[in-house]
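Participant: The structure is given below, and queries will be raised subsequently.
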Amino acid sequence: MSLRLLLVLATLWLGVAASSFAENSSSSIYSDVEASVYQVRVINQQTGKKTAIGSAFVVMRPDIIATNYHVVSTYINNPEGDFSLDYLSTSGNTGRLELLAVDVLHDLAVLKADTNLGVPLQIAKIPPKGARLYSLGNPMDKGFSIVEGTNNGIMKSSDDNNILFSGSLNSGMSGGPTLDENKNVVGINVATSGNGLSYLVPAEYLAIILERLKLTGFQADADIGQRITEQLQNHADKYVQNLQKREWTFQQLGNFKVPMDVTGVVRCWDNSDKPIPGNLMRSYFTQCRNESSVYLDDDLEVGTLDYEYVWLDAGEMTPARFYRHYEAMNVSVSASGAGKQDVTNFECFTDFTLIAGQEFKMTVCRRDYLNYTGLSDLLVTAALVGHKRQGMLFNLDMTGTTFESGMALLQRMLGDFKWQK
């Protein structure tokens, strides 16, 4: 037999063996951990019907299960007793659940049953990039399922530290475990962007909650709402402190040099209009945004950071005509979905101030959250004045921050403006 034929046969054999190994691994994981994976359901007490579902798994103790915060958020945000939590096993058993603790920043929740639910799964570190992972859950309320995929590591372009998973998670799998080949939990299913790309919360964050609960004998937090508020406040302050330490890039825009991208946190995009022949005025528009937010409910997310710059050059346009156009552009609207049930009305203060030696008309607006004391939305608009045919607009929008942190970030950014005519 020729050497070439031997190599071909060997390659074919290895391919079949690898395929068989993957199938065996998936089948083994499925059968071994199926009894430790559950469906979590939020039940409307008035109708007795499900209003939200997700997945969960037994961890640390036979009566403790973990899931996503967003799976049980309806229950948390309606503390009047209109909703309850229960579990459904793959064998059809059901029972009530008690909420013990949440980590709203990493979209995690820990619950307790009044009976043993199964063998606890063990938490392990994230394996190397390229390792096979196995995600489990109850997709589309269709029953227990397993999805194979690949670990692509912690996302570097985002500040939420999630794992990028090459696998197709589906609605209903949120809160389920993702396992390594040793059947240990390395991540918790949290979201998908389609096209075979999904996101996992690293299991190390769940381990922190569990260790804290272990110290209290797994007693429920006395005030979940207050705990969430504390988490959001601490996050807002640390987030701005982290931004201050990060490497910012700077870009020339008209006669100004301004702060733009923040490495690993904020990315900026050019949204300038294409030049139109005969148009007397040119505008240059750059928009910047962070890559993550904190989910609170279906209509409310906080932790967003948006800022934008617009440079206008009127060329030979008359100053009066330019001013009318400039004034019409000097508006900014908060991107937050917060409503009257969430926040107070905006209170605004307007004054003239010098930035990089140039005079700006600046308006600072603030509104406070009703259910999260100490958190605010900050909306800032600044417009260059004193130039007949040139203009500069700067808008800043922060949601769910502390006012002090928001103002500290604003001061840091404005201090980096440079006028370079």
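Participant: Using 0.36 nm times the number of residues separating V333 and T350, minus their current alpha carbon distance, what extension gain do you get?
Facilitator: The span from V333 to T350 would gain 4.5 nm if fully extended.
Participant: Can you give the FRET efficiency to the nearest 0.05 for D82 and D141, using r as the Cβ-Cβ distance and R₀ = 22 Å?
Facilitator: That pair, D82 with D141, gives E of 0.55.
Participant: Now for a different question. For region 86-168, just run the numbers: alpha carbon Rg, then divide by 2.2 N^0.38 Å, N being how many residues it has.
Facilitator: Values: Rg = 15.5 Å, N = 83, 2.2 N^0.38 = 11.8 Å.
So the Cα radius of gyration is 1.32 times the expected 2.2 N^0.38 Å.
Participant: Provide the gained length on full extension for the span Y323 to D223, in nm with one decimal, where the gain is 0.36 nm per separating residue minus the Cα-Cα distance. Could you put the intermediate results ahead of the total?
Facilitator: Working: separation 100, 0.36 × 100 = 36.00 nm, distance 5.32 nm.
Additional length available on full extension: 30.7 nm.
Participant: Hey, another quick one. At 222 nm, what value in deg cm²/dmol follows for the chain if DSSP H runs of at least 4 each add -39500 (n - 2.57) and the sum is divided by all its residues, to the nearest 500?
Facilitator: Working: 6 runs with 98 residues, N = 421.
Here the helix-only value at 222 nm equals -7500 deg cm²/dmol.
Participant: Taking the Cα-to-Cβ direction at R246 and at K274 and moving 7 Å from each Cα, how far apart do the two end points lie in nm?
Facilitator: For the pair R246/K274, the computed spacing is 3.3 nm.
Participant: When all C-alpha to C-alpha distances in region 322-421 are sorted into bins of 10 Å, what percent of pairs does each bin hold, rounded to whole numbers?
Facilitator: 14, 44, 29, 12, 2
Participant: In addition: Return the sequence-ordered ³J(HN,Hα) values of region 395-407 in whole Hz as given by the Karplus equation 6.51 cos²θ - 1.76 cosθ + 1.60 applied to θ = phi - 60°, using x for Gly and Pro.
Facilitator: For region 395-407, the Karplus curve yields 10, 10, 9, 10, 10, x, 10, 8, 4, 4, 5, x, 5 Hz.
Participant: Which angle from 0 to 90°, rounded to the nearest 10, does the C-alpha axis of helix 224-245 make with the longest principal axis of the chain?
Facilitator: 60
Participant: Give the label of the value calculated from the structure for P(r) over Cα pairs in 10 Å bins from 0, in percent, choosing from (i) 4, 19, 24, 20, 15, 11, 6, 2, 0; (ii) 4, 23, 33, 27, 10, 2, 0, 0; (iii) 5, 21, 30, 26, 14, 3, 0, 0.
Facilitator: This structure yields the entry labelled (i).
Participant: Also: Considering only protein heavy atoms and a probe of 1.4 Å, how much of the accessible area of region 93-176 is carbon and sulfur, as a whole percent? Write out the running numbers ahead of the final one.
Facilitator: Working: 1700 of 3590 Å².
Here carbon and sulfur together make up 47 percent of the probe-accessible area.
Participant: Now for a different question. Given the convex hull of the Cα atoms of region 225-336, what is a quarter of its surface area in nm²? Can you show the working numbers first?
Facilitator: On the way: hull surface 37.8 nm².
Result: 9.5 nm².
Participant: For region 142-248, what is the largest minus smallest coordinate of the Cα atoms on each principal axis, given in angstrom and ordered from greatest to least?
Facilitator: Ordered largest first, region 142-248 gives principal extents of 45, 37, 26 Å.
Participant: Okay, moving on. Can you grab the distance from the C-alpha centre of region 19-96 to the C-alpha centre of region 246-267, Å, no decimals?
Facilitator: Spelled out, the Cα-based centre of one part sits 44 Å from the other.
Participant: Excluding ligands, DNA and RNA, what is the solvent-accessible area per residue of the chain at a probe of 1.4 Å, expressed in Å²?
Facilitator: Solvent-accessible surface per residue comes out at 49 Å².
Participant: Between V385 and R61, what is the label-point separation in nm under the 7 Å Cα-to-beta-carbon projection?
Facilitator: 6.3
Participant: Let me ask something else. Taking only C-alpha pairs under 8 Å that are 6+ residues apart, what is the relative contact order of region 84-139 in percent? Show your work: numbers first, answer last.
Facilitator: Working: 42 pairs, mean separation 11.2, N = 56.
The normalised contact order for region 84-139 reaches 20 percent.
The values are calculated or read from the model by the stated rules, or taken from the named source; none is laboratory data. Values in this document were obtained by computation on a predicted structure and should not be read as measured data. Ideal geometry is used to build each Cβ from the backbone, glycine not excepted, and the neighbour counts take in all protein chains shown. SASA here: full protein model, heavy atoms, side chains in, ligands and nucleic acids out. Shrake-Rupley method; radii C 1.70, N 1.55, O 1.52, S 1.80 Å.
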